[in-house]
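Notes for the one structure printed next.
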Amino acid sequence: MACFLVPAALGIITTVARKMFPKRLHIDWLNIMLWGAVIMLAVEHLAHGEITVYPPFLTAGFAEVLPEMFAVGVPMTVFSVIGWIGMVAVSEFLLSEKKIKTSLQIRKTLGYV
């Protein structure tokens, strides 16, 4: 019912503070993943009638909302952050000075050019 609020909270924080992150961390990648999760979950809950477009918005009580936030929202947010960390790590590895420097060199290495 409200599991999308967890990635939304982190998405708001990272979107507002994105200028504080170094470019090499690609915070926009995390924002895209988080906001995609929010949209996906909100549309799914809207389609099942679990949220409405008018107040009080959530059709369940607080007792039902919190367990779902912890059971679905927190793991989705954690796995989004883990995926982002993996993407940044791979990017850093591929673009490090000791390895391949540009996407053109990557394509040449893979035989696409």
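Take residues that are among the polar types (S, T, N, Q) and tell me which of the helices (runs of 4 or more DSSP H) falling wholly in segment 1-105 contain 2 or more. Spell out the reasoning first.
Details: elements: 5-16, 27-47, 62-68, 74-95.
In segment 1-105, the matching helices (runs of 4 or more DSSP H) lie at 5-16, 74-95.
Yes/no matrix, rows are residues, columns are (1) surrounded by 13 or more Cβ atoms within 10 Å (Cβ to Cβ); (2) over 30 Å from residue 95 (Cβ atoms); (3) over 18 Å from the mean Cα position of the chain (by Cα):
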| residue | (1), (2), (3) |
| --- | --- |
| 2 | yes, yes, no |
| 5 | yes, yes, no |
| 19 | no, no, no |
| 23 | no, no, no |
| 47 | no, yes, yes |
| 51 | yes, yes, yes |
| 71 | no, yes, no |
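Out of segment 90-106, which residues are modelled with pLDDT under 75 and of a type in the set (D, E, K, R)?
Within segment 90-106, 97, 98, 99, 101 qualify.
Out of all the residues in segment 43-83, which are within 14 Å of residue 10 (Cβ to Cβ) and aromatic (Phe, Trp, Tyr)?
Answer for segment 43-83, where residues must be within 14 Å of residue 10 (Cβ to Cβ) and aromatic (Phe, Trp, Tyr): just 79.
Only one of 24, 107, 18 is in contact with an Asp or Glu (Cβ under 8 Å, 6 or more places away or on another chain) and without any contact (Cβ under 8 Å) to a residue 40 or more places away in the chain; which? Quick ask: steps written out before the conclusion?
Values: 24 fails: without any contact (Cβ under 8 Å) to a residue 40 or more places away in the chain; 107 fails: in contact with an Asp or Glu (Cβ under 8 Å, 6 or more places away or on another chain).
Testing whether each residue is in contact with an Asp or Glu (Cβ under 8 Å, 6 or more places away or on another chain) and without any contact (Cβ under 8 Å) to a residue 40 or more places away in the chain leaves just 18.
Condition check: surrounded by fewer than 16 Cβ atoms within 10 Å (Cβ to Cβ), small (Gly, Ala, Ser) and modelled with pLDDT under 90. Does residue 42 satisfy that? Step through it out loud before you land on a result.
On the way: surrounded by fewer than 16 Cβ atoms within 10 Å (Cβ to Cβ): no; small (Gly, Ala, Ser): yes; modelled with pLDDT under 90: yes.
Spelling it out, it is not the case that residue 42 is surrounded by fewer than 16 Cβ atoms within 10 Å (Cβ to Cβ), small (Gly, Ala, Ser) and modelled with pLDDT under 90.
The values are calculated or read from the model by the stated rules, or taken from the named source; none is laboratory data. The structure displayed is predicted, hence computed values, not measured ones. All Cβ positions, glycine included, derive from the backbone under ideal geometry; neighbour counts span all protein chains shown.
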